[in-house]
Structure formats: structure tokens, C-alpha cells
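Q: Pasting a structure below so you can have a look.
The values are calculated or read from the model by the stated rules, or taken from the named source; none is laboratory data. Quick caveat, the model's predicted, so the values are computed rather than measured. Here the Cβ positions follow ideal geometry from the backbone for every residue, glycine too, while neighbour counts run over all protein chains shown.
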Ligand code: ADP
């Protein structure tokens, strides 16, 4: 191909490009007539190319466009001209026109009816190129940009609030749904939140927000229109305005259950593909019909809640009340928002988990501290125990001597001697001290762990039999009511007998004028109970807690250690000792011993 042909071809391609451009462009001759117009201009004014070319460009605009300034000086005044362009249908469209000088030497001369000289000096800017922009489209784009910006700013605000505020998981879930439905938020009518339940392998409806009918919606949207735009004021308005009205949607959400193994289900797929979807009434996809029947509405959007650690759940949102279609922008922001929410939900869950662990750790720490304190107390008690054993031991011999001399004095002094009475008092007090020391040493003596299987009924009967003579003498009737025949208890029989003896002796002491003594055994669930009941006066309610405490006694010569030792013995067998006042008359002292587990 020759150079000339080559150039010709290139010019044809450029011209082709100009004619087919969607941008509205007009090339104007030096005489102000249209030399060429792009497809964009033809579409804007609804005229074929042939009807535009050759006509004065000025007449196309209102007010008429004058390109003289541009042609002569290279710029128009003003540079950006706000005009209206006339369409073939008689409409006037607002446009912005920018004019630029343009070199077209030969064409220019011929176009203007002046023959070209071919001299390079003729190559001056004699044509103009007009760029026209449809301001309606620009305004629409601006609106779209403003809407995007507002939504982005809300998203930013929400994510800051969701992360920064110390919200509970329930509050986070609520906040997510509020933002989807709030006027300042994504503006959906209703929103449903479904969460993955890993245990059951189900996606389950958890929470929903939205009015149940148009009247309610009108009232709420009117109420909310005056509220501030930040998350917290939205949540407060929600509490006041919407909370009572979302009964219907929450009834719906309770029915939403989808097995996660239904992989073709539109919700499960949306989660797996990590992609929000818009469903319209005509679409036939697995699961769509069920969701539509739950919603009672055909068009809805689904957005997955996904985090790095996995699938959390999904959001379903619709405009069932207003009937507005869901736009691309709505879907885009629902997805963006779902991503933010998923992280916030996960964070809140982790936070709650962390808090639980912290509480458990604190409890364990406190328990450890208590155990340490108990250990210290026990150490101190053990030291005290050893000391008292030594003191008791050291006191016993001098006491025996004092007691012996005092008794000798009582014997040797005449009854009317004033010292006789003193000696008698010394004898009595020394006797009391001897009892205390005897019981104290008994209490302190290390327990022997001699255990064998003992028939408890037999043990109880044998121990009671030892008191037969004394009972007869004191006119006390004995009743053996043993109902644990053949039951064997693993115990130290000597120690259990000691406990029973203590109970029996106390009972006999409180029935100085005779009465009735019952020895009972009963089989319980996992244990056996032995009780000694008397018909004495019982004990005062106020001392019930102290009966088993060391040194509690109401007897003039008592040590107050008998029941303490009993309780100690029973505890060392893994059982419990107790006391009660009987409903009619008297008291019952008992213990329960555990039976060996099968
Ligand atoms: P002591 O016999 O040296 O007083 P115990 O520890 O055996 O020591 O008994 C403590 C107290 O429990 C007695 O002083 C008495 O007040 C009360 N008590 C014990 N057995 C009975 C009973 N069968 N009826 C009423 N009170 C009792």
C-alpha cells in the first residue's frame, strides 16, 4: 500500500471513530455550519446525521451558540457554556458545551468555500470542536454518588460503633438488622437474620425486624424520620418505635430452618459462593419458593455472613411493604454491610467467650486462694491440736493428785467443818476438768483407719443392749426399730459404737424421770441412717447450730466435746451427723453413713 493510500485509510478510521462515538461531539466549519456530528449528538437530539450536517450549529442551541470567539481567539466566553439543546421532538435538554479550536487546513478552506493554497501558513485554527454533556445524566450520576457516599459514611459509622461499643451479641444482632431497615441505613422494609447452628447442621432464623403492614410501616417511618442518624439514636428509636411491631416478622423468622447440606438451596449457595443475590418473582431456583412462602412476597435479597473462620449465617431482606424494587446499589451495600456485620458478630462472640473464660479463671483463682487459706488454717489448728495434747497430758497427772487429795480431805473433814464444803467443790471441779482432758485427748488422738464390713442393725442393737440395765433402773423403755436387715457398712465398728454410745448416754441423761428411747435404722438411697430418739425436753432452737461445736455444753459437768467427736468420726467415714427436735416431744440425734457404690 502506498504512503498516500495508507494515510487515506488512517483518516477514514479516525473519521469512523468520530462518527460512532457515544460522546456528543460536533465539528464546526469556519462559517459556523456543522461539518460532522457523532452518534452521541444524533441520539441526544433524535435526528439522523444527514439532517444535522451543513446546518448552522448556533440554531441547535438556546440561546443560540456563537463560536466566533473560539474560532478567532481560540477560547469561548465563558469556557463552560450552560445552554439547552433542541431535540427533533421540540424538547429542550439542559447541556454544558465546551468549545475548542481545531486545525483542519484544507478541509477548512474548502468547507468555507475558499480554495486551499496548500501553504503551511494556512494551518491556523479555523474549525471548532464542541463537547456536549447531558447535565441530566450528570445530575443523576451526582445523586447516585451522593447516595453511595451517604451509605458508605453510615457503614463506616456503624462499623466503628459495632467494634468500639461494648455491645452484647444480642445487641450486635439487633444493630445489624436496624441498619438494614433504618431510613438512614440501607432502607429495606424487613430484615431477617439466620445463623449457622453447627451442632444440628442447620441454618436457623434468629431475629427479624420490620413492620407487619402498611399502616404500621407508615407510623414507624414517620416516627423515625425525625431521629438522628447515628447508630445509638437509631437503636433507641428502634426500642421505642419498632420493638412492639416486629412480632409478625419474628413469627416468620422462627419458621426459617434450612439444612446446610442442601447445597443447591439459594441461601446455602449464596453462603458458599460468598455472593449476595437478588431474587425476583419469576426465578426458579432451589429453595426460592419456600423463602417466598415464608416472606409472603416474591422479591428479596440474600447476603451471606462470612468471616475468615467460616460461615456465620445469612441475611434476607425485602421491600414487602413499599413494593420498591431492589436496585444494584441496594444489593451492593447489603453485601458490604453483611461483611462488616459478620466480623462484628464474630468479634462479639469471641469477646463473650473470652469473658466467660475470664470469669472461670477468676473463680479458679479465688478457689485456689481459699484453699490456701484453709490449708494455713488447718496447719495452725494442727499446731494448736498438738499443743493442747501436750498441755492436756501435762495437766492430767497434777489433776489426779489434786483430785486424790481433795477427796481425802472430804473424807477426813467433818461435815460441819467449813473446809469440807470447799474440798467438795474442789473434788467436783477437778472431776469436770478430768472429763474435759479425757475427751480432749480422745478428740486429738489420731484416728485409726480400721475399716470392715459391719451389719449396721446388729451394731445398733448390740450397742443399745449394753445400756439395758441402766435403762431399766431409770424406767426408760427401749424400742429397737431396725429396718436395714443385712445391710453392711464399711466402717471402724469401735468408732461407730462410740458415736452411738454418746447419743445413748446423752438421751438417758435428758430423761432423768424415765421415758422412751428409740433406736432406728433406715435404708436410704445410697446410705443408711441411724437415729437415737428420746422423749426428753429437746434443745432450744437457738443452739441447734452449736450442738456439734467444740465445748458447747449445757451440762454443769459436761465437756461439750462428745458430739464434736461424734461428728468428726462420722465425717471421717464420709457421712453426716445431725440433730432435730421431734414434733411431739424430745430430740433425735442421727448419722448417715454412705453405702459402698455398686
Ligand atoms: P456434753 O455431753 O459434754 O454436754 P455433748 O457434745 O455430748 O457434750 O453435748 C452437747 C450439748 O448438746 C449438751 O450439753 C446438750 O445441751 C445438747 N444435747 C445433747 N444430746 C441431747 C439430747 N438428747 N437432748 C437435748 N439436748 C442434747
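Q: Take the residues in the range 505-514 that are touching a strand residue (DSSP E or B) at 6+ places or on another chain (Cβ under 7 Å) and farther than 13 Å from residue 467 by Cα, then tell me which one is nearest to the ligand (Cβ to nearest atom).
A: Looking at the filtered set, the residue picked out is 511.
Q: Tell me the residue from 517, 561 that is within 8 Å of the ligand (Cβ to nearest atom) and either buried (at least 17 other Cβ atoms within 10 Å of the Cβ) or free of Cβ contacts under 8 Å to residues at least 60 places away in the same chain (or both), please.
A: The conditions single out 561.
Q: Would you check if residue 592 is modelled with pLDDT under 95, more than 8 Å from the ligand (Cβ to nearest atom) and either farther than 17 Å from residue 443 by Cβ or crowded, with 17+ Cβ neighbours inside 10 Å (or both)?
A: no
Q: Name the residues in the range 489-504 that are away from the ligand (no atom under 12 Å from the Cβ) and within 23 Å of residue 581 (Cβ to Cβ), would you?
A: 500, the sole residue that qualifies.
Q: When the residues of the range 568-580 are filtered to those that are more than 15 Å from the ligand (Cβ to nearest atom) and touching a residue at least 24 places away in the same chain (Cβ under 8 Å), which remaining residue is surrounded by the fewest Cβ atoms within 10 Å (Cβ to Cβ)?
A: Here the answer is 572.
Q: Residue check: is residue 553 out of contact with any strand residue (DSSP E or B) (no Cβ under 9 Å at 6 or more places or on another chain) and either outside any loop (DSSP other than H, G, I, E, B) or within 9 Å of the ligand (Cβ to nearest atom) (or both)?
A: yes
Q: Out of the residues in the range 485-499 that are more than 16 Å from residue 596 (Cβ to Cβ) and touching a strand residue (DSSP E or B) at 6+ places or on another chain (Cβ under 9 Å), state the one that is surrounded by the fewest Cβ atoms within 10 Å (Cβ to Cβ).
A: Per the criteria, the residue is 485.
Q: Hey, another quick one. Are any residues in the range 397-437 within 16 Å of the ligand (Cβ to nearest atom) and without any contact (Cβ under 8 Å) to a residue 60 or more places away in the chain, and if so, which ones?
A: The answer is 429, 433, 434, 437.
Q: Against the condition buried (at least 19 other Cβ atoms within 10 Å of the Cβ), modelled with pLDDT under 90 and within 18 Å of residue 133 (Cβ to Cβ), how does residue 65 come out, does it pass?
A: Answer is yes for this residue.
Q: Kindly indicate whether any position in the range 444-457 is at pLDDT 90 or above, within 16 Å of the ligand (Cβ to nearest atom) and surrounded by 13 or more Cβ atoms within 10 Å (Cβ to Cβ).
A: Among the residues of the range 444-457, not one is at pLDDT 90 or above, within 16 Å of the ligand (Cβ to nearest atom) and surrounded by 13 or more Cβ atoms within 10 Å (Cβ to Cβ), which makes the answer no.
Q: Within the range 520-543, is there a residue that is over 16 Å from residue 588 (Cα atoms), assigned to a loop (DSSP other than H, G, I, E, B), away from the ligand (no atom under 11 Å from the Cβ) and under 52 Å from the mean Cα position of the chain (by Cα)?
A: yes
Q: Could you please let me know if residue 486 is farther than 30 Å from residue 388 by Cα and within 11 Å of the ligand (Cβ to nearest atom)?
A: Here the answer is no, as residue 486 does not meet what is asked.
Q: Among the residues of the range 114-126, is there at least one that is part of a helix (DSSP H, G or I) and either surrounded by 16 or more Cβ atoms within 10 Å (Cβ to Cβ) or modelled with pLDDT of 80 or more (or both)?
A: Among the residues of the range 114-126, not one is part of a helix (DSSP H, G or I) and either surrounded by 16 or more Cβ atoms within 10 Å (Cβ to Cβ) or modelled with pLDDT of 80 or more (or both), which makes the answer no.
Q: Among the helices (runs of 4 or more DSSP H) confined wholly to the range 1-65, which include 2 or more residues that are under 60 Å from the mean Cα position of the chain (by Cα)?
A: Fully inside the range 1-65 and qualifying: 39-45.
Q: For the range 581-588, indicate whether the set of residues that are within 9 Å of the ligand (Cβ to nearest atom), free of Cβ contacts under 8 Å to residues at least 40 places away in the same chain and surrounded by fewer than 17 Cβ atoms within 10 Å (Cβ to Cβ) is non-empty.
A: Checking the range 581-588: not a single residue is within 9 Å of the ligand (Cβ to nearest atom), free of Cβ contacts under 8 Å to residues at least 40 places away in the same chain and surrounded by fewer than 17 Cβ atoms within 10 Å (Cβ to Cβ).
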